[in-house]
Amino acid sequence: MKRLTFTALAVAFIAVVMAAKSPYQSVLQHSRIRGRKEGPNICAMQKIPGTNKKYFTNCKQWYHRKICGKPTVISYECCPGYERVVGEKGCPAALPLVNIYNTLGVVGATTTKMYSERAKLQEELEGPGSFTFFAPSNEAWSALPTEILDALVSNVNIELLNALHYHMVNKRLTSEDLKHGSTFGSMYQDFDVHIQHYPNGIVTVNCARLVKTDQHATNGIVHVVDRVITAVTNNVNTFLETEDDLQSLQTAIAAAGLTSMLENEGSYTIFAPTNEAFKKIPQDMLDRILGDPVALKDLLNYHILKSLHCSESIVAGTPLETLQGTVLEVGCDGDKMTLNGKAIVTEKDILGTNGVVHYIDEVLIPDSAKNLKELAEGIPQISKATKLFLDAGLSTHLTGSETVTLIAPQNEAFKGSLSMTPELRKVMRNHILKEKFSSKGLYHGQELETLGENKLRVFVYRNNLCIENACIAAHDKNGRFATLFTVDKVLAPPMGNVMDVLKADSRFSTLVGNIQKAGLTELLNKKGAYTIFAPTNDAFRAMPPADLNKITRDPRELAKFLKYHIGEEFLVSGAVTSHTRVKTLSGDKLELGMWNSTMYINRVPVVDADMMATNGVVHAVGSIIKPLPPKIVSDQADGSSTRRTSAVWAGSQVVKNEELFQKVLSSRSSKTISKVQ
């Protein structure tokens, strides 16, 4: 018996959980919970001060306390279907059920009630039936243009009656019945009314928001809406073809072969650039896109969302997918609709049978319709590199139809003079790859060929993807024919093995001599993947003479000392995180970290990073690297706690290394460019 009872309860519980509420009902329930402290049947509303706009709220809106970027105030009102009783808390009484005509007065739609009487609709609204009335609020009638309202009220027996009948459906429809994308034949020539029921709980009919929902009557139900709706008879393509302000868009749609799509069934949102918007595009760019069917189709599809979004559905920035495959950030600022943060929507909510049109005063150009030059010019962080590519005479590669990849260092990567020289021209050619790549398709050890006939290696690390010494600093920009990578450094292709790199730099003459003395030259000339933490001459001079003599007089001790400065793997600075460890040729492990963009090895700062070689990478250090003091771990006898103590880096050593680091850093102001040249 107990088992049966438990089973029955479990089934009942699952049934309750599975009975999914509509988005509107979920938001209404949240508002009820927020308002229950004020009494029974109280709903919390968020109101935008200075407007008549009120919203039931979900959790996100409640905690942000903003609608369309504007602060809100909280009011507590009777939930739909309830009213206050004098002397009692909350809204304990259910509204009395009366016919639809009288319900209009109860819910505050008094203007609609007045016009219903004038249009001889009162008898129908009081009589038998089961109707749904989407009743415009008083403010909705006031917002109608004067000429439209005059046309309606001057012919109440036909025009006004037809307009009101278009707001009616000959069946009872609660908010639960108003499914997203559904249509219902109205009582005006059976023309459809179009319902959208959004995940944030907002419900619209012909893009008018339901502001008071589920007001029950004896012969139906009333939903108060925030505007007077008009009949929808044409698809969006027919509308676009009849608008003089959209002639440029019409021409582009026809050229791209999108006409039939916009004539067929669907549920689209079209952000329609006006003729003036097209005139803002540089003529050469516009001509290029209009002459390229692929780029043109991408551009137009970037203006079309896969779903229908009325302006009233947007209460905060939301990424929405376009037919082009990327997303637009559709948001709002007060009563203005925004795209990608810009208030460029000039006219909203022109509804068709298969979508909605919003006018915009700027053409949105997706990356996929741009050439490399246009992509680069849209990124302020690489303006220096963009100028250098053009100064180097590489504009044909940036504006043509070559399938290449541009590797653009950020502005901070360039130091000193940026005047063009033959060497710098060669450097910039090595920042253009001969093929179009995606960073997601790169793999460790891959070789990429540049226009400068160099081969660049790819290094994949847990936290970074690097090409030689430069690591990807931003998402790819995928243009019409080419791709753009933004990187954090100027590329430095390898100019020899690690011994060649050390011999070419006078700062390492002492180190080179010691390597030769220790018999490690052959090792470092061989193919491999070494990371050399290379002490400068100053680092050796700073050693106590006795310690230096002890190490250098015995080749085996010297070899062991040097191997402690050589890692067994290839680590550029971009691979280092706060707790990176690397095994050395001596068998010990070094602790690496990053602080203020400087790499440290056992807390010794690197003074010049990422000198690339064919078999490794060299990082210059201004001090000899020593083992860190061991960490001490001790367990108390009773096992109640464990104490772990780490040795602290001596303050005098911190100061010494930091002073040395700053001294060397100040002398490097123009080294980045000169080094790669």
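Summary table below
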quantity	calculated
Tilt relative to the chain, helix 247-256 - C-alpha long axis, 0 to 90 degrees, to 10	60 degrees
Span from the the stretch 345-377 Cα centroid across to the the stretch 419-474 one, whole angstrom	33 Å
Check: the chain dipole with +1 on Lys, Arg Cβ and -1 on Asp, Glu Cβ, in debye	3660 debye
Full-extension gain in nm, Lys60 to Thr146, via 0.36 nm per residue minus C-alpha separation	27.1 nm
For the stretch 264-294 versus the stretch 29-46, the gap between their alpha-carbon centres in whole angstrom	47 Å
Among [x] 197; [y] 209; [z] 273, the entry derived from the coordinates for volume of the Cα convex hull per residue in Å³	[z]
Percent RCO, i.e. relative contact order, over the stretch 86-136, from Cα pairs under 8 Å lying at least 6 residues apart	39 percent
Simple label model, 7 Å out from Cα along Cβ direction - Ser506 to Ile74, nm	7.3 nm
Relative contact order for the stretch 392-524, counting Cα pairs under 8 Å that sit 6 or more residues apart, in percent	24 percent
MRE, 222 nm, helices only [DSSP H, n ≥ 4, -39500 (n - 2.57), over the chain, to nearest 500]	-8500 deg cm²/dmol
Pairwise label distance in nanometres, Thr238 with Lys455, each label 7 Å out on the Cα-Cβ vector	6.5 nm
Per residue value of the accessible surface for the chain (all protein chains in place, 1.4 Å probe), Å²	48 Å²
Long-range HN-HN contacts of Val330 with modeled amide H, under 5 Å	Thr318, Leu320, Asn340
Modelled FRET efficiency - R0 56 Å, Thr421 with Thr230, Cβ distances, 0.05 increments	0.25
Relative contact order (%) - criterion: Cα under 8 Å, at least six apart; region: the chain	8 percent
Inter-site label distance for Lys440 and Asp190 at 7 Å from Cα along Cβ, in nm	4.8 nm
Of Lys21/Lys440; Lys47/Lys348; Lys66/Lys212; Lys279/Lys306; Lys370/Lys440, those spanning more than 31 Å from alpha-carbon to alpha-carbon	Lys21/Lys440
Protection proxy ranking, peptides 617-630, 278-291, 466-479, average beta carbon neighbours within 10 Å, highest first	466-479, 617-630, 278-291
Order by protection proxy (mean Cβ within 10 Å, highest first), peptides 603-610, 393-400	603-610, 393-400
Peptides 498-510, 76-88, 355-367, 248-260 ordered by average Cβ neighbours within 10 Å, highest first	355-367, 498-510, 248-260, 76-88
Between 0 and 90°, nearest 10: helix 23-35 axis offset from the chain longest Cα axis	90 degrees
Accessible area of the chain belonging to carbon and sulfur atoms, whole % at 1.4 Å probe	52 percent
Calculated FRET efficiency for the pair Lys171/Val98, C-beta based, R₀ 30 Å, to 0.05	0.95
Listed residues Glu374, Glu123 arranged by accessible area, highest first, probe 1.4 Å	Glu123, Glu374
Efficiency of FRET from Cβ geometry, Ser307 and Asn275, R₀ 25 Å, rounded to 0.05	0.40
Added length on full extension, which subtracts the Cα-Cα distance from 0.36 nm per residue, Thr521 to Thr251	90.2 nm
Separation between Cα centres of the stretch 580-598 and the stretch 79-145, rounded to whole Å	75 Å
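The values are calculated or read from the model by the stated rules, or taken from the named source; none is laboratory data. Computed from a prediction, not measured in an experiment: that's the story for all the values here. For neighbour counting, all protein chains shown are included, and Cβ atoms are generated from backbone atoms with ideal geometry for every residue, glycine included. Side chains included, ligands, DNA and RNA excluded: accessible areas come from the protein's heavy atoms. Shrake-Rupley method; radii C 1.70, N 1.55, O 1.52, S 1.80 Å.
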